[in-house]
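Here's a structure for you.
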Amino acid sequence: MKKLLFLLDTDPYPSVFDTVVAYDGGADRVAGYANVTADNVGALVDGTIFTRGGKDKQNTAIFVGGGDITKGEALFAAVKKKFFGPFRVSAMLDSNGSNTTAAAGVALLAKAGKLKGKKAVVLAGTGPVGMRAAAFFGQEGAEVAITSRAQTRADNAAKAIESRFGVKVKPIEAKDDAARAKAVKDADIVFAAGAIGVQLLKTQDWQSNANIALLADVNAQPPLGIEGVEATDKGKDRHGKTAFGALGIGGLKLKLHRGCIGQLFESSEGVLDAEEIYKLAKGMA
Ligand code: NAP
């Protein structure tokens, strides 16, 4: 029986990245649907839960993706709401790679040093990856802050993280390099989660900071998020700090993403969201 993955995307087209990883993770056929919302997903879920019976059902699974984590969370909730009794299939949420990327990054940092009781600052922490990273730091017992160029965006992201994870996050407005340098002054950990090709921190603003012990950057396209941290860094010593770059984190992210897809086809009851994916990442890191 063929393993079918239904990729339900909140964006105007289904993600090519998620399609490729779905095949690499073990799906035999991936069917991508665009512009899927909590309101129009019903019939798509029906098609997955009413077609195969018993153990055969585990060969059908759902992946929720897209660029907007708020829309993704609403869609994922609507998918799960359709399930009842044995009429369910395994499902995973990973809008913009948020769960897998943040989980891989924070799990590598947790292996490299202590997070509990430490101050973690997620630069540009208002996107899908940054919001998940902030939540994972909080769940590890770190004191977390996120920055944004706009106070209202930082406030909204902090509220969303607290409401979903019960984690308190300090929202900081940091419009420019000087403000971001100030935001990381007392930090033990800096996690750069900015948009692709955006530099957030200059070398001079972290290299002689005695507090900072761990640095991570998930932006793989130059200019990189943290000047002086290379994309390939994976636990590299840089000025006495342990550094991870986007490709150093990306290897585990891809392994984790593929592993999650494989796991979807092991039962019809799997739910892979932040908590489950972070647990898997820690096991793999
Ligand atoms: P995103 O939503 O595109 O951007 C994150 C935040 O960056 C935005 O909310 C925005 O915050 C800030 N930003 C945008 N333009 C900026 C600018 N010119 N100056 C300063 N800040 C700016 O990002 P994402 O989807 O969460 O992804 C985060 C990063 O992870 C991206 O670089 C992405 O490419 C990368 N990624 C890496 C992997 C991997 O395996 N390494 C996998 C997936 C994603 P404000 O508007 O609030 O300031």
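Show me the ranking of peptides 101-108, 236-243 by mean Cβ neighbours inside 10 Å, starting with the highest. Walk me through the intermediate numbers first.
Numbers: 101-108: 29.1, 236-243: 16.4.
So the order, starting with the most tightly packed, is 101-108, 236-243.
Give me the accessible area per residue for the chain, probe 1.4 Å, as a whole number in Å². Please list the in-between numbers first.
Details: 12370 Å² over 285 residues.
Heavy-atom SASA per residue in the chain reads 43 Å².
Relative contact order for the chain: what is it in percent, counting Cα pairs under 8 Å that are at least 6 residues apart?
Relative CO of the chain lands at 19 percent.
Which Cα, out of Gly42, His239, Leu8, lies furthest along the positive dipole direction of the chain (beta carbon charges, K/R +1, D/E -1)?
Among Gly42, His239, Leu8, the one farthest towards the positive end of the dipole of the chain is His239.
Would you mind calculating the gained length between Ala195 and Phe17 on full extension (0.36 nm times residue separation, minus the Cα-Cα distance), in nm to one decimal?
Numbers: separation 178, 0.36 × 178 = 64.08 nm, distance 1.67 nm.
Result for the pair: 62.4 nm of gain on full extension.
Mind scanning Lys119/Lys175; Lys202/Lys241; Lys202/Lys255; Lys168/Lys255 and naming the pairs with a C-alpha gap bigger than 24 Å?
Numbers: Lys119/Lys175 21 Å; Lys202/Lys241 15 Å; Lys202/Lys255 30 Å; Lys168/Lys255 30 Å.
Correct reply: Lys202/Lys255; Lys168/Lys255.
Charges at C-beta only: +1 for Lys and Arg, -1 for Asp and Glu. How large is the resulting dipole of the range 100-249 about its Cα centre, in Debye rounded to 20?
Numbers: 21 positive and 15 negative charges, 65 e Å.
Here the size comes out at about 320 debye.
Taking the square root of 5 times each eigenvalue of the Cα gyration tensor, what semi-axes in Å does the equivalent ellipsoid of the range 85-125 have, largest first? Mind dumping the intermediate values first?
Values: eigenvalues 176, 37, 18 Å².
Gyration-tensor ellipsoid for the range 85-125: 30, 14, 9 Å.
Where the convex hull is taken over the Cα atoms of the chain, what is its projected area averaged over directions, in nm²?
Numbers: hull surface 54.8 nm².
With every direction weighted equally, the projected area is 13.7 nm².
Just need the relative contact order of the range 4-93 here, percent rounded to a whole number, with Cα pairs under 8 Å and 6+ apart.
Details: 150 pairs, mean separation 33.1, N = 90.
That works out to 37 percent.
Mind checking the dipole of the chain: about its Cα centre, +1 per Lys or Arg Cβ, -1 per Asp or Glu Cβ, Debye to the nearest 20?
Numbers: 37 positive and 31 negative charges, 109 e Å.
My answer is approximately 520 debye.
Whole angstrom only: what separates the Cα centroid of the range 20-76 from the Cα centroid of the range 221-247?
Cα centres, the range 20-76 to the range 221-247: 35 Å.
With a ≥ b ≥ c taken as the square roots of the eigenvalues of the C-alpha gyration tensor of the range 4-93, please select rounded if a/c is under 1.5 and otherwise prolate if a/b is larger than b/c or oblate if it is not? Walk me through the numbers before you get to the answer.
Details: a/c = 2.05, a/b = 1.17, b/c = 1.75.
Oblate.
To continue, here is another question. Which pairs, out of Lys55/Lys279; Lys234/Lys282; Lys111/Lys234, put more than 20 Å between their alpha-carbon atoms? Let's see the in-between values first.
Details: Lys55/Lys279 26 Å; Lys234/Lys282 15 Å; Lys111/Lys234 12 Å.
Those over the limit are Lys55/Lys279.
Please give the solvent-accessible surface of Asp176 in Å², to the nearest 10, using a probe radius of 1.4 Å with every protein chain present.
Its heavy atoms expose roughly 80 Å² to the probe.
Another one. First select every other residue whose beta carbon is under 11 angstrom from the beta carbon of Asn59; then total the charges, Lys and Arg +1, Asp and Glu -1. Working shown, then result.
Values: positive: Lys2, Lys3, Arg29, Arg52, Lys55, Lys57; negative: Asp28, Asp56, Glu266.
Residues near Asn59 contribute +3 overall.
Can you tell me the orientation of helix 246-264 relative to the chain, as the angle in degrees between its alpha-carbon axis and the longest Cα principal axis, to the nearest 10?
It is inclined by approximately 20 degrees.
Using a Cα-Cα cut-off of under 19 Å, which aspartates and glutamates could be cross-linked to Lys185, ignoring same-chain neighbours fewer than 8 residues away?
Straight-distance partners of Lys185: Glu143, Glu173, Asp176, Asp177, Asp205, Asp217, Glu227.
What is the antiparallel percent of DSSP beta bridges lying wholly in the chain, to the nearest 5? Present the calculation step by step, with values, prior to reporting the outcome.
Values: 5 of 43 bridges.
Antiparallel: roughly 10 percent of the beta bridges in the chain.
Excluding same-chain residues fewer than 8 positions from Lys57, which lysines have a Cα within less than 16 Å of its Cα?
Lys2, Lys3, Lys80, Lys82
Rounded to a whole number of µm²/s, how large is the Stokes-Einstein D of the range 36-135 at 20 °C and 1.002 mPa s, given Rh as the Kirkwood radius over C-alpha pairs?
On the way: Rh = 15.3 Å.
Calculated translational D: 140 µm²/s.
Using +1 at the C-beta of Lys and Arg and -1 at the C-beta of Asp and Glu, which of Ala157, Ile212, Ala193 has the Cα lying farthest in the positive direction of the dipole of the range 100-249?
So the residue we want is Ala157.
If you roll a 1.4 Å probe over the chain with all protein chains in place, what percent of the accessible area is carbon or sulfur?
51
Counting only the backbone N, which residues of the range 25-55 are under 19 Å from the spot 7 Å out from the Cα of Arg164 toward its beta-carbon?
Of the residues in the range 25-55, 35-39 have backbone N under 19 Å from the label point off Arg164.
Can you figure out the FRET efficiency of Lys236 with Ala179, using R₀ = 22 Å and their beta-carbon distance, to the nearest 0.05? Kindly include the intermediate steps, with their values, before the conclusion.
Details: r = 27 Å, r/R0 = 1.23.
The pair Lys236/Ala179 has a calculated efficiency of 0.25.
Another one. What number do you get for the range 100-249 when its Cα radius of gyration is normalised by 2.2 N^0.38 Å, N = residues?
Scaled against compact globular proteins, the figure is 0.90.
The values are calculated or read from the model by the stated rules, or taken from the named source; none is laboratory data. The model shown is predicted, which means the values in this text are computed figures rather than measured ones. A quick note on method: Cβ atoms are made from the backbone with ideal geometry, for glycine too, and the neighbour counts reach across all protein chains shown. The accessibility values were calculated without ligands, DNA or RNA, using every heavy atom of the protein model including side chains. Shrake-Rupley method; radii C 1.70, N 1.55, O 1.52, S 1.80 Å.
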